[in-house]
Amino acid sequence: MSELLIRNACVIDPLNGINGEIMDISIRDGRIVEEVSGNAQVIDAAGCLTLPGGVDSHTHVCGTKVNFGRYMSPEDMRAGRTARNGCMHVTSGYSVPTTFGNSYRYSNMGYTTLLEGAMAPLEARHTHEEFTATPHQDMMANTLFDGNWAIMEAVRDKDVRRTAAVVAWYLKAARGFAIKLTNPGGTEAWGWGEDVSGIHDTVPNFEVTPAEIIGTMIRANEVLRLPHSVHLHCNNLGVPGNYQTTLDTIGLVPDLNKTRQSLYLTHVQFHSYGGTTWRDIDSKSEEICKAVNNTPQVTIDMGQIMFGRTTTMTADGPMEFKLYMLHRNKWSNHDVELETGSGIIPVYYFRKSMVNCVMWAIGLELALLTKNPWQCLLSTDNPNGAPFVKYPEIIALLMSKKLRDQECALLEPRTEHHVPLFAIDRELDWNEIAIMTRSAQAKALGIRDIGKGHLAPGAEADVAIYPLKTSEIDPSTQYQQVIAGFSRTKFTIKRGRVVSRNGEVIVDGANSTIWVKPKVPEEYNLSNDPDFVRKFQEYYTVRMSNYPVQDVYLPRGVCIETEADL
Ligand SMILES: [Zn+2]
């Protein structure tokens with residue numbers, strides 16, 4: 001039995017309605033408990049800000065495209081090198097660090113749970129191998145279904161049950177966590193050199209539209225009773241005027257779940273552009289936020305960009321091609337047979353570029369104009385908008401109008417006429433930041449019930465103690481302290497063990513991988529379905545029996561079983 005007592009913690013735990021109470025936290029064998037014995041190890045939090053471990057609900061840290069991002073930028077790998085130190089592995093890389101680099105940096109910032117934003121089922125083994133090498137965070141995989149042939153056939157037949165059966169088969173085979181749609185229909189069209197430009201375009205060869213794919217998948221998701229909702233990267237990413245597609249998509253969403261959203265829209269900054277060209281691009285964050293404010297069944301994440309160097313990577317192959325035509329630098333393009341694709345481009349976001357300045361402003365505007373912080377989560381779509389190590393700066397920008405004004409003064413001068421940011425006075429408080437960085441993520445992902453994102457007895461003992469005294473700091477003016485405080489915890493506690501202290505990792509972690517297995521009636525088990533089996537053997541280059549990920553790839557797998565309503 002191991003026991004830990006955290007004394008004098010200034011706790012903000014929004015899921016339990018606790019906002020800045022000084023209290024003790026008792027931990028036994030990795031879980032929060034009511035009390036511990038006198039033999040417990042004691043940590044003095046000294047009145048510092050204490051939050052549930054951070055949860056990143058959309059980040060790219062593991063898998064084939066992340067690894068290819070590493071290959072593509074050897075210069076990136078020279079940055080951020082650290083030597084082996086005690087239990088710490090060597091790390092390197094800035095925008096796409098090694099798995100250990102990702103894990104340690106997240107750990108130093110108090111993050112203990114991550115959702116990998118996109119995993120192609122066919123390439124799941126690689127993702128799971130890298131999950132096991134991300135030792136300080138529990139991991140989950142968004143599983144790509146955007147160009148899945150069996151899904152599109154079921155959608156074409158308007159068959160929600162069969163769609164659900166296909167999802168169940170693939171989630172189990174890939175050991176995935178949730179349904180991810182990236183430019184639905186567009187990634188398949190890209191296999192033929194085409195794309196879709198709106199939610200009512202037809203996908204070549206399948207006679208379905210993105211709207212039909214999204215609508216059917218939302219219903220299939222609820223039939224399977226998955227913890228998370230459909231996780232959507234909308235069509236038309238990064239195109240001037242694309243906000244209309246985003247509004248059309250929000251308009252589609254039925255309200256089907258009482259405990260969380262029915263649709264999660266990711267990196268919405270990239271989907272909130274007005275104008276018709278890069279010259280007249282402007283922010284449509286006000287229109288988008290108005291729709292979000294009026295649609296409680298929708299949750300979004302920001303997809304903030306920050307100025308500087310990074311690497312973009314997405315399953316949205318046609319989008320990356322368009323980006324390549326602008327940058328004319330390195331480009332990788334990849335097709336995953338029968339499922340999806342991907343593209344990767346290293347980029348630099350410039351303050352001198354009005355387009356980049358408008359993008360920077362939109363991300364912040366989304367967070368400041370969404371009234372309910374449970375509906376807009378903090379993200380950079382790491383590393384697409386910026387590496388996640390920029391989160392503390394983003395937090396400071398959201399908490400300080402003064403800091404925003406300073407930064408706005410450095411933007412390309414025309415920006416002011418294209419964005420509403422300059423006139424927004426709202427400053428977020430500590431509680432809202434806690435919501436946007438852990439509590440709302442746990443709620444949106446549906447992992448509150450397995451003890452994530454909160455600190456009540458029974459919860460997993462994932463705790464972040466920051467060197468910040470909220471009663472003594474005015475974030476509006478002392479933003480430098482806010483940035484420093486959120487960059488390095490005093491203590492990061494993962495499942496009851498102190499894994500990082502004062503910005504230094506001190507023990508090897510043992511994370512787990514959370515995956516979902518929907519239980520379907522035997523007649524919906526596609527392993528026995530002649531049509532599914534025949535097409536699988538005919539079209540895939542891999543045999544059906546070799547396709548599923550073996551248990552050995554998940555040495556510490558945590559399976560959430562759901563009972564499908566089929
Ligand atoms: Zn992403």
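In the chain, what percent of the accessible surface is made up of carbon and sulfur (1.4 Å probe, ligands and nucleic acids excluded)? The partial results should precede the final answer.
Details: 9820 of 20360 Å².
With neighbouring chains kept in place, the figure for the chain is 48 percent.
What is the distance in Å between the Cα centres of the stretch 264-329 and the stretch 358-426?
The distance from the Cα centre of the stretch 264-329 to that of the stretch 358-426 comes to 13 Å.
In whole percent, what relative contact order does the chain give with Cα contacts below 8 Å and a gap of six or more residues?
Values: 1386 pairs, mean separation 112.5, N = 566.
That works out to 20 percent.
Suppose we look only past 18 Å in the calculated P(r) of the stretch 156-220. What percent of the Cα-Cα pairs does that tail hold?
Working: 832 of 2080 pairs.
Tail fraction, whole percent: 40.
List the lysines whose Cα sits under 17 Å from the Cα of K322, skipping any in the same chain fewer than 8 residues away.
Result set, ordered by chain and number: K330.
Using the alpha carbons of the stretch 183-250, what is the convex hull volume per residue in cubic angstrom, as a whole number?
Working: hull volume 6.2 nm³, N = 68.
For the stretch 183-250, the hull spanned by Cα atoms encloses 90 Å³ per residue.
Quick check for you: with a 1.4 Å probe and neighbouring chains kept, what is the accessible area per residue of the chain, in Å²? Walk me through the intermediate numbers first.
Details: 20360 Å² over 566 residues.
Result: 36 Å² of accessible area for each residue.
Enumerate the amide H contacts of S500 below 5 Å, restricted to partners 5 or more residues apart or on another chain; note that Pro and chain-start residues carry no placed amide H.
Amide H neighbours of S500: T492, I506.
Rounded to a whole number of µm²/s, how large is the Stokes-Einstein D of the stretch 86-203 at 20 °C and 1.002 mPa s, given Rh as the Kirkwood radius over C-alpha pairs?
Details: Rh = 16.2 Å.
Roughly 132 µm²/s, to the nearest whole number.
Dipole of the chain (Lys/Arg Cβ +1, Asp/Glu Cβ -1, origin at the Cα centre): which of I506, A211, Q406 lies farthest to the positive side?
Farthest along the dipole direction, towards plus: I506.
Can you give me the Cα centroid spacing of the stretch 532-563 and the stretch 450-520 in angstrom?
Centre-to-centre distance over Cα atoms comes out at 33 Å.
Can you give me the solvent accessible area of H200 with a 1.4 Å probe, rounded to the nearest 10 Å²?
Looks like 130 Å² after rounding.
If I histogram all Cα-Cα distances within the stretch 1-139 using bins 10 Å wide from 0, what percent of pairs lands in each bin?
Spelled out bin by bin, the stretch 1-139 gives 11, 31, 29, 21, 8, 0 percent.
If you average over every viewing direction, what projected area does the convex hull of the Cα atoms of the stretch 493-565 give, in nm²?
8.2 nm²
Report the Cα-based extents of the stretch 54-98 along its three principal axes, largest first, to the nearest Å.
30, 29, 15
For the chain, what is the mean residue ellipticity at 222 nm derived from helices alone (per DSSP H run of n ≥ 4: -39500 (n - 2.57); sum divided by total residues; nearest 500 deg cm²/dmol)?
Helix-only estimate at 222 nm: -8500 deg cm²/dmol.
Amide H to amide H under 5 Å from V298: which residues, 5+ apart in sequence or cross-chain, H placed 1.01 Å off N in plane?
For V298, whose amide H was placed from the backbone, the distant partners under 5 Å are S262.
Jot down the per residue volume, in cubic angstrom and as a whole number, of the convex hull over the alpha-carbon atoms of the stretch 373-501. Show your work: numbers first, answer last.
On the way: hull volume 16.7 nm³, N = 129.
Dividing the Cα hull volume of the stretch 373-501 by its residues yields 129 Å³.
Direction-averaged shadow area of the convex hull around the Cα atoms of the stretch 88-154, nm²? Spell out each step's value before the answer.
Numbers: hull surface 21.3 nm².
Directional mean of the projected Cα hull area for the stretch 88-154 stands at 5.3 nm².
Is the stretch 5-76 best put as rounded, prolate or oblate by its Cα gyration tensor, with a ≥ b ≥ c the root eigenvalues, rounded for a/c under 1.5, and otherwise prolate when a/b is larger than b/c, oblate when not? Write down the numbers at each step before the final one.
Values: a/c = 2.96, a/b = 2.41, b/c = 1.23.
It comes out prolate by the Cα gyration axes.
Restricting the count to DSSP beta bridges whose residues both fall in the chain, what percent are antiparallel, rounded to a multiple of 5?
Working: 40 of 77 bridges.
Bridges in the chain that DSSP calls antiparallel: roughly 50 percent.
For the stretch 53-454, count all C-alpha to C-alpha pairs, find those more than 40 Å apart, and express that count as a whole percent of the total. Don't skip to the answer; put the middle values down first.
On the way: 6281 of 80601 pairs.
So the pairs more than 40 Å apart make up 8 percent of the total in the stretch 53-454.
If you place +1 on the Cβ of every Lys and Arg and -1 on the Cβ of every Asp and Glu, how big does the dipole about the Cα centre of the stretch 278-421 come out, in debye to the nearest 20?
On the way: 15 positive and 17 negative charges, 111 e Å.
Dipole of the stretch 278-421, to the nearest 20 debye: 540 debye.
With θ set to phi - 60° and the Karplus curve 6.51 cos²θ - 1.76 cosθ + 1.60, what are the ³J(HN,Hα) couplings of the stretch 515-528 in order, to the nearest whole Hz, using x for Gly and Pro?
These are the phi-based 3J(HN,Hα) values: 9, 10, 10, x, 8, 10, x, 3, 5, 9, 7, 6, 4, 9 Hz.
Normalised by the empirical 2.2 N^0.38 Å for globular proteins, what value does the Cα Rg of the stretch 339-398 take? Mind dumping the intermediate values first?
Values: Rg = 13.3 Å, N = 60, 2.2 N^0.38 = 10.4 Å.
For the stretch 339-398, the normalised Cα radius of gyration is 1.28.
List the residues whose amide H sits under 5 Å from the amide H of Y111, counting only those 5 or more places along or on another chain, with H placed 1.01 Å from N in the peptide plane.
Close amide H contacts, sequence-distant or interchain: G54.
What's the percent breakdown of Cα-Cα distances in the stretch 424-566 across 5 Å bins, shortest bin first?
P(r) over the stretch 424-566, rounded to whole percents: 2, 7, 11, 13, 14, 13, 9, 8, 8, 7, 5, 3, 1, 0.
With all protein chains present, calculate the accessible area of D474 using a 1.4 Å probe and round the result to the nearest 10 Å².
70 Å²
The values are calculated or read from the model by the stated rules, or taken from the named source; none is laboratory data. A quick note: this is a predicted structure, and the numbers were derived from the prediction, not measured. For neighbour counting, all protein chains shown are included, and Cβ atoms are generated from backbone atoms with ideal geometry for every residue, glycine included. With ligands, DNA and RNA removed, areas are computed over all heavy atoms of the protein, side chains included. Shrake-Rupley method; radii C 1.70, N 1.55, O 1.52, S 1.80 Å.
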